[in-house]
Structure formats: C-alpha cells, structure tokens
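Shown below is the structure under consideration.
The values are calculated or read from the model by the stated rules, or taken from the named source; none is laboratory data. Computed from a prediction, not measured in an experiment: that's the story for all the values here. Neighbour counts are summed over all protein chains in view; Cβ atoms, including those assigned to glycine, are modelled from backbone coordinates with ideal geometry. Ligands, DNA and RNA are excluded from the accessible area calculation, which covers all protein heavy atoms including side chains. Shrake-Rupley method; radii C 1.70, N 1.55, O 1.52, S 1.80 Å.
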Amino acid sequence: MSKITAAITGVSGYVPEYVLTNKELETMVDTNDEWITSRTGIKERRILKGENKGTSHIAVPAVKDLLKKTNTKPEEVDLLICATTTPDMVFPATANLITAEVGAVNAFGYDLQAACSGFLFALATASKFIESGQYKKVIVVGADKMSSIVDYTDRATCIIFGDGGGAIMLEPNTEGLGIQDSILKSDGTGAQFLFMKAGGSRRPATIETVQNREHYAFQEGQQVFKFAVKGMADVSAEIMERNHLTGDDVAWLVPHQANKRIIEATANRMGLSNDKVMLNIHKYGNTTSGTIPLCLWEYEKQLKKGDNLILAAFGGGFTWGAIYLKWAYDPK
Ligand code: UT7
C-alpha cells in the first residue's frame with residue numbers, strides 16, 4: 001500500500017467589509033501613511049464591526065464556502081482545528097462554535113494557540129491525523145479578530161494588525177502530494193516581547209487591569225523584528241536544505257504577513273525572486289493566524305498540481321516554523 005500523505009484539497013477565506021486605511025489611522029494616533037507603508041508595507045486592514053461578533057464570525061463564512069467548494073457535506077468532516085489567539089471566549093473552544101454553526105455534527109474540534117504561527121502549527125498537527133489513516137477530512141482554520149485586543153491609542157501596534165482568516169481542507173493522498181516536511185520551533189524566553197499582560201489565569205481581569213489598558217497586545221516591535229527576520233529566514237533555509245531544494249525548485253513562498261521587510265529578508269535568504277512570494281499585507285495587515293490561509297485563498301488560481309510551496313511563520317511565544325508541501329490540484 002502506498003504511503004498516505006496529507007494534502008490540501010481546497011481553500012477559502014473571509015475578510016470583514018470594513019476597511020481601516022492608513023489615512024483613518026492618521027486621525028486616531030500620531031502616525032502617517034508614509035511611515036506605515038515604508039516600515040511595514042501595510043496600506044489598509046479589515047475590521048470586524050458589530051456587537052457580539054467574534055473570530056467564529058470570520059471562520060464560519062470561510063468554512064461554509066470551503067465545504068461548498070470541495071463538495072463536502074458538513075457531516076463528513078472528522079475534525080476541525082481552529083488556530084486563533086482571539087477565541088470568541090476563553091472557553092469553550094471556538095472550533096466547537098464553528099462546527100455547530102456549519103453543521104459538522106460528526107466532527108470533534110479544538111483550538112490551537114501559537115500566535116502568528118498558529119495556522120502553521122495547526123496544519124502540521126492536522127496532517128498527522130490524516131497520515132495515521134484514521135481520519136479522512138480535516139479542516140484547519142486560521143482566523144483572528146485582532147481588533148478585539150489591539151489598543152487603538154498605541155501607534156506601535158494598532159497600525160499592524162487586522163481581522164480576517166481562512167480555512168483549508170486536508171485529505172489523504174497516495175500520489176506523494178501534500179505535506180512533505182515541517183520544522184516547528186518555540187522559545188518561551190521571547191514571551192516578554194509580545195504578549196497580553198492581563199486577562200489570563202496569572203492576572204485575571206480587575207478594574208485596575210482594564211484601566212491600565214493591560215488587556216491589549218503589548219509588543220516590543222524592534223526585538224520581535226530582530227528575532228523574526230532571523231527565525232523565519234533560518235527555518236525556511238533549513239527546510240529547503242534538508243529537502244535538497246534550491247530557489248529554482250520552489251514555486252511559492254507563503255509567508256506570514258507581519259512586515260514586508262521580514263518577508264523580503266526571508267525570500268532573499270531562500271534565493272527567491274519577488275514574483276514567487278505571496279503578498280497581501282498591503283490589503284489586510286497582520287491577521288495573525290489568518291495570514292497564510294488568506295494568501296493561499298487569494299493565490300489559489302495561480303497554483304498548479306505538483307508546485308513546491310514553503311509556508312513560513314514567526315510570532316509571539318516566540319513560535320516559528322516552516323512547512324514544505326506539494327500542491328495537490330490544478331486551478332478548478
Ligand atoms: O506577527 C508577529 C510578530 N510581529 C512582528 O513580526 C512585528 C515585528 N516588528 C515590526 O514589524 C516593527 O518593529 C514595527 C513595524 C512594529 C515598528 O517598526 P520599527 O522600524 O521597528 O520602528 P521602531 O519601533 O524602531 O520605531 C522607530 C521610530 C520611533 O521614533 P524615534 O524613537 O526614532 O523618534 C517610534 O517612536 O518610529 C516611531 N514610531 C512611529 N512613527 C510613526 C513607532 N510607531 C510609529 C507609527 N508612526 N505608527
């Protein structure tokens with residue numbers, strides 16, 4: 001019997017309608033379009049507006065569209081893993097809210113939190129369920145409503161993040177396509193540079209923590225930048241080397257969209273020209289777990305069966321990693 005690999009058989013995405021432009025941010029904090037564009041590559045980002053709307057409201061339309069695109073009945077889904085840093089609630093898992101909403105009544109689900117590397121870590125995890133032979137249809141969601149934890153008085157963080165996400169279907173493949181290799185890393189000594197100060201079990205919410213604005217994402221940008229440039233480039237080069245890939249063999253780099261300069265440094269190190277790098281940071285900013293599936297969704301029509309893709313991410317934790325996969329289908 002041929003070896004089972006885990007292949008992506010469909011992808012979908014969703015971004016909320018509201019567009020928060022650099023111009024509008026200029027009216028909120030002391031910043032300007034020129035600074036944001038030259039330092040990050042971001043022009044605008046999407047924001048999920050409305051009462052009682054959480055990350056599941058980004059994930060559900062993406063999953064519904066994914067089911068439609070892949071001709072999958074919701075009851076056929078075995079498992080749904082939701083990578084998110086902004087779950088609808090501390091518990092239950094957002095994955096459960098999504099499966100209930102889309103009618104995936106036979107699926108079990110759980111959330112996975114690895115900040116900006118969440119989708120990458122969830123995809124690697126999901127692939128093992130498929131490779132085991134026990135599960136046939138696994139959905140991986142990467143989605144975040146970052147506007148729920150962004151301080152719109154802090155110009156160092158509010159210009160970067162946006163809301164959005166996507167979902168992929170993972171199924172067994174016996175042609176050798178799909179996920180070939182992954183390298184995942186984390187280093188908790190980096191936690192101090194990108195985290196939320198209160199709201200967890202260590203420092204539950206109090207009037208003081210709210211007044212001190214400690215329920216927002218805190219970031220020491222320069223420190224994170226330094227580690228991100230090295231981490232993402234190192235791991236991408238490592239996964240190419242150990243799979244004997246040169247820049248010519250790689251069809252696409254699918255990088256986490258945190259800062260255009262980090263993406264360019266990674267592509268440089270891999271020997272890739274710009275036309276092989278998926279980029280949508282100018283439109284959506286950093287959607288944390290959402291960036292990689294949103295890229296795959298937007299570039300899907302340009303992907304061909306057998307294309308070598310390297311997915312790479314770096315995020316809070318610190319967490320980082322890369323996945324090497326062979327794309328499993330031609331544009332439909
Ligand atoms: O996705 C997960 C991981 N996150 C990342 O990968 C993000 C990594 N970090 C970054 O992308 C960058 O560090 C930022 C985009 C966050 C900041 O860019 P930077 O080039 O590192 O800027 P900086 O923090 O070193 O600040 C440079 C200057 C400072 O002014 P002075 O001290 O030189 O006078 C800041 O106060 O720019 C100032 N500044 C701003 N000016 C206008 C900081 N934020 C802004 C702003 N508008 N929004």
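Looking only at strands (runs of 3 or more DSSP E) that fall completely inside segment 208-317, which ones have 3 or more residues that are of a type in the set (A, V, I, L, M, F, W, C) and within 14 Å of the ligand (Cβ to nearest atom)?
Hits in segment 208-317: 308-315.
In segment 205-228, what residues are of a type in the set (S, T, N, Q) and either open to solvent by 80 Å² or more (accessible area, probe 1.4 Å) or without any contact (Cβ under 8 Å) to a residue 24 or more places away in the chain (or both)? Show your work before the answer.
As a first pass, look at segment 205-228 and keep what is of a type in the set (S, T, N, Q): 206, 209, 211-212, 219, 222-223.
Residues satisfying the conditions are Thr206, Thr209, Gln211, Asn212, Gln222.
Given the conditions (1) within 16 Å of the ligand (Cβ to nearest atom); (2) over 13 Å from Arg269 (Cα atoms), and given that Ser201 satisfies all but one, which numbered condition is not satisfied?
Looking at each condition in turn, Ser201 falls short on (1).
So Lys137 clears everything in (1) open to solvent by less than 20 Å² (accessible area, probe 1.4 Å); (2) more than 16 Å from the ligand (Cβ to nearest atom) except one condition, right? Which one?
(1)
Can I ask one more? Within segment 172-199, can you find the residues that are touching a Gly at 6+ places or on another chain (Cβ under 8 Å), open to solvent by less than 50 Å² (accessible area, probe 1.4 Å) and among the polar types (S, T, N, Q)?
Once the filter is applied, which keeps residues that are touching a Gly at 6+ places or on another chain (Cβ under 8 Å), open to solvent by less than 50 Å² (accessible area, probe 1.4 Å) and among the polar types (S, T, N, Q), segment 172-199 yields only Ser182.
As an exercise: evaluate Ala95 against (1) in a helix (DSSP H, G or I); (2) within 16 Å of the ligand (Cβ to nearest atom); (3) closer than 29 Å to Pro331 by Cα and give the number of the one condition it does not meet.
(2)
Among strands (runs of 3 or more DSSP E) lying entirely in segment 105-189, which contain 2 or more residues that are free of Cβ contacts under 8 Å to residues at least 40 places away in the same chain?
Working: elements: 108-112, 138-145, 163-173, 178-186.
In segment 105-189, the matching strands (runs of 3 or more DSSP E) lie at 108-112.
With (1) farther than 24 Å from Ser148 by Cα; (2) exposed (fewer than 14 other Cβ atoms within 10 Å of the Cβ); (3) free of Cβ contacts under 8 Å to residues at least 24 places away in the same chain as the list, and Arg202 as the residue in question, which single condition is left unmet?
(1)
The rows are residues; the columns are (1) over 26 Å from Gly190 (Cα atoms); (2) open to solvent by 10 Å² or more (accessible area, probe 1.4 Å); (3) among the polar types (S, T, N, Q).
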{"site": "Leu245", "(1), (2), (3)": "yes, yes, no"}
{"site": "Val254", "(1), (2), (3)": "no, no, no"}
{"site": "Asp275", "(1), (2), (3)": "yes, yes, no"}
{"site": "Met278", "(1), (2), (3)": "yes, no, no"}
{"site": "Thr287", "(1), (2), (3)": "no, no, yes"}
{"site": "Glu300", "(1), (2), (3)": "yes, yes, no"}
{"site": "Asn308", "(1), (2), (3)": "yes, yes, yes"}
{"site": "Phe318", "(1), (2), (3)": "no, no, no"}
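Kindly evaluate Lys43 against the criterion of being touching a His at 6+ places or on another chain (Cβ under 6 Å), open to solvent by 70 Å² or more (accessible area, probe 1.4 Å), within 16 Å of the ligand (Cβ to nearest atom) and among the basic types (Lys, Arg).
yes
Among all residue pairs at least 6 apart or on different chains, which show Cβ distances below 8 Å where the first residue, located in segment 23-37, is assigned by TED's automatic domain parsing to the domain that holds Asp151 and the second is near the ligand (Cβ under 7 Å from one of its atoms) and open to solvent by less than 100 Å² (accessible area, probe 1.4 Å)?
Hits for this filter: Leu25/Thr31; Leu25/Ile36; Leu25/Ile159; Glu26/Asn32; Val29/Ile159; Thr31/Ile159; Ile36/Ile159.
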